[in-house]
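Q: Below are the structure tokens for one structure; questions will follow.
Readers should treat all values here as calculations from the given coordinates under stated rules, not as data from a laboratory. Note that the coordinates shown come from a computational prediction; the quantities given were computed from them, not determined experimentally. Note that we place each Cβ from the backbone using ideal geometry, even for glycine, and neighbour counts take in every protein chain shown.
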Amino acid sequence: MTGQQVVIIGGSEGIGLAVAKAARGLGARVLAVARTEAKLQAAREAVSGLEIGVADINETASIEKVFAGLSSVDHVYIAAGSTKIGGPLEHSLEDFRHRFDERLWGSLDVVRAAHHLVRPGGSFTFSGGLASDRPAKGAWVSGIATMATEQLARVLAIELAPLRFNSVAPGYTDTPMWNHIFPEIGSQALDEVTKKHLVPRMVTADEVAQAVLLLMQNEAITGETIHVDCGARLV
Ligand SMILES: NC(=O)c1ccc[n+]([C@@H]2O[C@H](COP(=O)([O-])OP(=O)(O)OC[C@H]3O[C@@H](n4cnc5c(N)ncnc54)[C@H](OP(=O)(O)O)[C@@H]3O)[C@@H](O)[C@H]2O)c1
């Protein structure tokens with residue numbers, strides 16, 4: 001990937017940071033974008049040569065500004081996306097709606113801001129998830145949002161060819177995301193669940209990153225969703 005320009009929306013920690021490290025390792029120029037300056041600075045210290053930018057996927061103008069600063073782009077990975085745990089009759093509907101909008105319309109906003117910079121054969125990779133195929137109680141909004149985003153990749157692959165659009169659907173992956181969801185114990189909350197998977201453990205961020213890098217590099221793949229879930233869909 002020497003000389004290629006990769007942009008990661010949500011690149012300061014978790015899977016996005018793992019993608020940044022892997023792409024830098026393959027010689028790409030990498031711009032990691034997220035909301036929190038301090039986390040971006042820490043990422044820059046951890047990954048040699050990483051470029052950073054502050055933006056929020058929920059704010060169209062800030063995403064447009066990111067791409068206005070670039071002359072060309074080869075690959076975009078969108079990691080930004082959050083969830084809200086709780087049943088469909090709990091909490092405010094607005095809070096759930098926000099999680100759906102952020103993942104689906106946020107991804108489309110990035111495409112609209114970036115598509116003219118991406119060369120034919122370049123790629124966008126969206127964030128799907130295990131909840132598309134294995135809906136879980138209390139995670140219903142993730143279930144519809146990740147499924148919608150996986151489908152967004154398929155329809156855009158047709159609409160905007162020869163640009164390529166794919167998604168990666170992680171299973172339970174050990175990242176800081178779980179510290180936001182379960183502040184007391186983080187990803188340990190999932191020990192019992194992941195023991196039952198075919199590969200009885202959590203996925204690592206590096207393992208998901210390997211799938212993202214494959215989708216960037218293999219120009220024959222478009223409209224695809226790669227599952228990296230330790231076999232969680234099959235149990
Ligand atoms: N971890 C899992 O088990 C799992 C499973 C299925 C799907 N996923 C999906 O995979 C993606 C990556 O997950 P992860 O576990 O790596 O998440 P993470 O550890 O929480 O990292 C999220 C990254 O995105 C940034 N971000 C969050 N909201 C943003 C926004 N509105 N605008 C711009 N940047 C934003 C964060 O930085 P700031 O907070 O500073 O902005 C951070 O860099 C997410 O979409 C997640 O839903 C994860």
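Q: Which aspartates and glutamates have a Cα lying under 13 Å from the Cα of Lys195, excluding residues fewer than 8 positions away in the same chain?
A: Asp229
Q: Let me ask something additional. May I ask you to derive the relative contact order of segment 170-235, considering only C-alpha pairs under 8 Å and at least 6 residues apart, and to give it as an integer percent?
A: Result for segment 170-235 is 43 percent.
Q: Under 19 Å between alpha carbons, and skipping anything fewer than 8 positions from Lys39 in its own chain: which lysines qualify?
A: Counting by Cα, and skipping residues close in sequence, Lys39 has these lysines nearby: Lys21.
Q: Taking K and R as +1 and D and E as -1, what net charge do the other residues with C-beta under 11 Å from the C-beta of Val235 add up to?
A: +3
Q: Rounded, prolate or oblate for segment 1-74? Axes are the square roots of the Cα gyration tensor eigenvalues, ordered a ≥ b ≥ c, and the cut-off for rounded is a/c under 1.5.
A: Oblate shape, in that a/c is at least 1.5 and b/c is the bigger or equal ratio.
Q: Taking only the alpha-carbon positions of segment 147-208 and ignoring solvent, what does the Debye formula give for the base-10 log of I(q)/I(0) at q = 0.14, 0.15, 0.22 Å⁻¹?
A: Here log10 of I(q) over I(0) equals -0.56, -0.62, -0.87.
Q: Could you give me the ³J(HN,Hα) list for segment 128-142, computed from phi with Karplus coefficients 6.51, -1.76, 1.60 and θ = phi - 60°, whole Hz, x at Gly and Pro?
A: Rounded to whole hertz, the list is x, x, 4, 5, 5, 9, 10, x, 10, 4, x, 10, 5, 5, 4.
Q: Pop out the ³J(HN,Hα) list for segment 9-19 in order, Karplus 6.51 cos²θ - 1.76 cosθ + 1.60 with θ = phi - 60°, rounded to Hz; leave Gly and Pro as x.
A: 8, x, x, 8, 7, x, 5, x, 5, 5, 5
Q: Something else now. What is the set of long-range amide H partners of Ser167 at a cut-off below 5 Å, with H atoms built 1.01 Å from backbone N?
A: Correct list: Phe126, Glu224, Thr225, Ile226.
Q: If neighbour count is taken as other Cβ atoms inside 10 Å, put Tyr77, Tyr172 in order from fewest to most.
A: Tyr172, Tyr77
Q: Please order Arg29, Arg134 by the number of other Cβ within 10 Å, starting at the fewest.
A: In increasing order of surrounding Cβ atoms, one gets Arg134, Arg29.
Q: Give me Leu213, Leu70, Leu234 ranked fewest to most by other Cβ atoms within 10 Å of their Cβ, as a rough exposure proxy.
A: The most exposed by this proxy come first: Leu234, Leu70, Leu213.
Q: Using amide H atoms built 1.01 Å from N in the peptide plane, name the residues 5+ places from Val73, or on other chains, whose amide H lies under 5 Å from its own.
A: Counting only residues 5 or more places away or on other chains, the set is Val118, Arg119.
Q: DSSP loop trypsin sites (Lys or Arg not before Pro) in segment 147-228 with at most 11 other Cβ atoms within 10 Å of their Cβ, which ones?
A: Lys196
Q: Using alpha-carbon pairs under 8 Å, 6+ residues apart, how would you state the relative contact order of the chain in percent?
A: Relative contact order here is 19 percent.
Q: If you take the Cα atoms of the chain, find Rg, then find the Kirkwood Rh from the mean of 1/r over all pairs, what is Rg/Rh?
A: 0.94
Q: Further, regarding this structure: So what's the back-of-envelope 222 nm ellipticity for the chain, counting only DSSP H runs of four-plus at -39500 (n - 2.57) apiece and dividing by all residues, rounded to 500?
A: -12500 deg cm²/dmol
Q: OK, next. Among the GluC sites (Glu not before Pro) in segment 1-101, which ones are in a DSSP loop with at most 14 other Cβ atoms within 10 Å of the Cβ? Mind listing them?
A: Filter output for segment 1-101: Glu59, Glu90.
Q: What does the net charge come to around Ala23 if you take all other residues with beta carbon closer than 14 Å to its beta carbon, with K and R at +1 and D and E at -1?
A: 0
Q: How big is the dipole moment of segment 98-198 about its Cα centre under a simple scheme where the beta carbon of each Lys and Arg is +1, that of each Asp and Glu is -1, and everything else is neutral? Debye, nearest 20, please.
A: 280 debye
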